[in-house]
Each structure stands twice: as structure tokens, then as C-alpha cells.
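Taking it in order: structure first as C-alpha cells, then the write-up.
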Amino acid sequence: MLDRALVFLDLETTGAASHSDRITEIGLVEVDQGRQIGEWSSLVNPEQPISPMIESLTGITDAMVADAPTFGDLARDLFERLAGKTLVAHNARFDYGFLQNEFRRVGLKYAPDVLCTVRLSRSLYPQERRHNLDSLIERHGFSCESRHRALADARVLWDFTQLIHRDLESAAIQKAVADQLKKPQLPPGLPADLPDRIPETPGVYAFYSQDNVALHVGKSANLRARVLWHFSGDRLPAWRTATEIARVEWEAATGELGMLVRHMRWLKKLQPLHNSKPRQDDELWALQWDPVDGPSIPVPVDTAGLEVAQMSRLHGMFRSRRTALNAMRKIADEHGLCHIGAGLQTGAGPCLGHQLKRCRGLCVGAESPIAHSMRLMQALHALRMRDWPHAGPIGIREHDATTGRTEIHVLDRWRYLGSADADADLQEILQARADEPFDAGIYKMLVQYFRSMPRGSEIIELGKHPVPPIRG
């Protein structure tokens, strides 16, 4: 490892998404033939705000970077400093992805050999459970005067490299390094120029067999890196032994939501043989219950094809009718609900729960239907489907600064209606797809997406809901 020119690098950033977040600090240690020859660091103006959470982690504030150079200002000098050197970073995919995207924005292609010290540590110290930078510092007694600052963290990586060369056999280190630097071994059926054709953007991809059967569908913020990852080192997919990959198909997106939507659509359309969850999301079940019209019982329903107006009555998302009933049974026993009143048992009382001294007596007249419904409502509240948080349909605008592409995704009441490149097409999508049925998988994905909506995504309010209620 020390027989080559190395640069130990660490970055601080505004977030974890390399296609939308930006670099706030760069630190590097330059080494040649095992001898340190220099250090360099700089704050970077990310041209976007730094969140309070990131500020508290790194100590880097908006005020500190306000007068710092942008990455564009630094790009040419930094590119020349890195040229011809093997990049060494901790969790290298993170730092490398940010560097690639930043260089691409200014028209430079950066494609070095890359070594990851997380993978080195795992390979050389397999007996240890943790390999993050804090664990390495504690385990090996490294000093780090300013954790989560770029140059200080880069120095730790150089210290780690010197340590392994002092303490371990050179053959073990050489093997670990060689395993990481192996070039992708493409199946013979794939074109040799495939790595140059796949874009380094968010999107989805699929592998096909020689019989044109979809084998695997995946998604990534960097399509090229992820596809090639499948053919690098020890990352060969297990199903390669059974059938050869003859074709790779991909579709680029502009951001995370576009990537997630495409991934779900491809999974449903292609039904790949080797994805870990082949079951379709639209086969999910829920407990349908609404106490507004008076006491009633929860009913397991298949969510596929439900009326949009019924969505507010849904509670939970389950893989089968049996799973939904089992969940209701557990809720009933935990909250002292009647098995008859909870839809778990028919006929006259006493119910099974009452015989086991868990039911408070609805089935034998000891509790009123209204009181039981109130307790049932409280018990199901945590599972209740979330209300749509907007006054009507919205568009989510995603922009990829690297490619210049923009996409607007139209959403209404937890349904994905379509995507457009321009505002003028939004109303057309609303009218053409107004009867789009409810999809439980889309609902779950959107709930998660809104919890941590990426920086740079813009919400466009598109008006009130159409009336009368849409039917699925």
C-alpha cells in the first residue's frame, strides 16, 4: 500500500445526499512511498444553508463558510493535487461520491483508484465488531484534536495506515488492498463500454438473463457506482452462479423521490426473481374502521382498489388478512377489548377474552357499546392512516444541478399521479390521472419520504381536492 502515491482525505458536508448536499470542508494528507509530503485543508462555501444538526456535529457554521471559496473556486487546484494518487477515505463511497459530483458540476471527471479504511479494518481485524472512525480512535489509541473536522480526521486515517504496516504482515495488507482495487469483472454477455455508458446520477437499474427474464432490480443515488459494485471484488451476486447477466437496463432520476417511485414501478412491472421482497406492495391489508356512524367493528380489507374516500378509515398495513387479525387480537388483549366487538369472534357472549378475564364485558352487557368504541378508537389511534398534510394535490420539484434536469412529481392524498418536466403539464396530469387508485406501498414510501425530505426539494401547491370523492 505504501509503495504508491496516496492522499488521505476527509470531507465535511451539509448532509448525506451527494446529489443534493454540498461540501463544507476538505482536509487531506499527502503521502508518497510511505513518507508524508504535505497537508492541505480549506473550508468551502456550500452555497446552501448548514442545518443546526450538522453545525452541532462539525462545529462548522454558516458564518464560518460565508467568505470561504466555493468548490468551483478550488476545483482546478484540488484536481491537480489529487491527480495520479490513490484516494484513501473512511467509508470511501461517501467521500468519493461527493468529490465526483462536485467535480462533475465544474466539468471535470474524477475517477481515481479508491481505498476504504472501513473495509481495510474489517478485513485486517475481523475479530472486532465495530470499524467506524470513533472505534478506531478508541481501539488503537489515536489522537484526534478536533473530531468531525476534515484535516484532523484525515490525519487519523494516515495514523491507522502506519499502524497496520507496523503491526501486521505485509502479505495480509497487500491482499486486503488488492481485493479492494480489483476492477469490475463484467459478465461476458455485457458490452465492455458499459461502465462509460451508465450515468452517475440517481435512478434505478435491472439485470436481465439471456432469456430476457428480470433477475434483480435496484436503486441508487449513483447508478454507475452501484451497478459496478455488483461485479467488484467479493460483491458478486450469489445468483450469478445460476444464470448469467446478459443485459443491464437503467433509468435516471433527478432526485430521491423520482428514484423511489421508479424503483416501486419497476419492481411491480418486472417482478424480478432475486429481489429480497418479491411480494407486491399492493397486496397489503389494513383494518378498516370508522366510529363516526356509531359503534362498529374493525374489518380486515385488501387495500388494493379501495376508494380514496375510505383511506382515512384505514389502520395499519399488514402482509395478509391473517396478520391483520392477529394484530387486532393482540391489541384487544392488551387493551381489554371484547373479541366480539373487535371483530375477532361472532355469536353471543361471553367472548374468549371475557372467559380469559381480559375483556371488560361488552359481550355480557357490563360495558356500553359507546364506551367500548371510545377505547377501541384509542387503541387503534397509533395505527390510523395519516391525514394528507396538504390542502390539495401538490407537486414535488426535484432538480439535479449536475445534469440540469428538473422533474415535478404530482401527488394527491398519498397517491403518485405522474411526473412532468414543466409546470405547464401539471394540470394535465391531475385531470388524466384523477382516478388513480390508492396504493399502500406508495403510501408507506411517501410517509417515510416526508419524514426526512431532502434539501432542495420544493413543494408546489396545486389547488383543492376535486369533488365528489374520487373512486379507486
Exercise for the section: Report the label-to-label distance for Lys357 and Gln36 in nanometres (one decimal), using points 7 Å from each Cα along the Cα→Cβ vector. Expected result: 7.2
Practice task
May I ask for the longest run of the chain untouched by GluC sites (Glu not before Pro) that are loop-located per DSSP and have at most 16 neighbouring C-beta atoms (other than their own) within 10 Å?
Solution key: 308-472
Completion exercise
Note to self, the chain gives a 222 nm [θ] from helices alone (DSSP H runs n ≥ 4, -39500 (n - 2.57) apiece, / all residues, nearest 500) of -10000 deg cm²/dmol
Exercise for the section: Report the net charge of residues surrounding Arg130, where surrounding means a beta-carbon distance below 11 angstrom and charges are Lys +1, Arg +1, Asp -1, Glu -1. Expected result: 0
Handout entry: Overall form of region 394-461 per C-alpha gyration tensor (a/c, 1.5; a/b vs b/c)
Key = oblate
Exercise for the section: Compute the acute angle (0 to 90°) between the alpha-carbon long axis of helix 440-451 and the principal axis of greatest extent of the alpha-carbon atoms of the chain; round to the nearest 10°. Expected result: 60
Fill in the blank from the handout: Percent relative contact order for the chain, counting Cα pairs under 8 Å at least six residues apart, stands at 11
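What is the antiparallel percent of DSSP beta bridges lying wholly in the chain, to the nearest 5?
Of all bridge pairs located within the chain, approximately 90 percent are antiparallel.
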Exercise for the section: Determine the sum of side-chain charges near Ser457: Lys and Arg each +1, Asp and Glu each -1, restricted to other residues whose C-beta is under 9 angstrom from that of Ser457. Expected result: -1
Completion exercise
Taking Cα atoms only, Rg over Rh for region 104-246 with Rh from the Kirkwood formula is 1.04
Practice task
Please tell me which of these pairs span more than 24 angstrom C-alpha to C-alpha: Lys109/Lys182; Lys330/Lys357; Lys109/Lys269; Lys219/Lys269; Lys182/Lys269?
Solution key: Lys109/Lys269; Lys182/Lys269
Handout entry: Spherically averaged projected area in nm², based on the convex hull that wraps the Cα atoms of the chain
Key = 29.1
Problem - Two-site label geometry, Lys182 and Asp113: point separation in nm, points 7 Å out along Cα→Cβ - result: 1.6
Fill in the blank from the handout: Expressed in angstrom, Rg and Dmax over the Cα atoms of region 5-181 are 16.0, 48
Practice task
Counting other beta carbons within 10 Å of each Cβ, put Arg197, Arg455 in order, fewest first.
Solution key: Arg197, Arg455
Practice task
Could you calculate the contour length gain from Lys330 to Asp302, that is, 0.36 nm times the residue separation minus the distance between their Cα atoms, to one decimal place in nm?
Solution key: 8.1 nm
Fill in the blank from the handout: With R₀ set to 25 angstrom, the calculated FRET efficiency between the beta-carbons of Asp134 and Arg104, to the nearest 0.05, is 0.20
Completion exercise
Listing Asp290, Asp196 by rising number of other beta-carbon atoms within 10 angstrom, fewest first, gives Asp196, Asp290
Practice task
Averaging over all projection directions, find the projected area of the Cα convex hull of region 283-383 and quote it in nm² with one decimal place.
Solution key: 6.1
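Any read-out appearing in this document is the output of simple, stated calculations on the displayed coordinates, not a laboratory observation. Predicted model only: the values in this text are computed from it and were never measured. All Cβ positions, glycine included, derive from the backbone under ideal geometry; neighbour counts span all protein chains shown.
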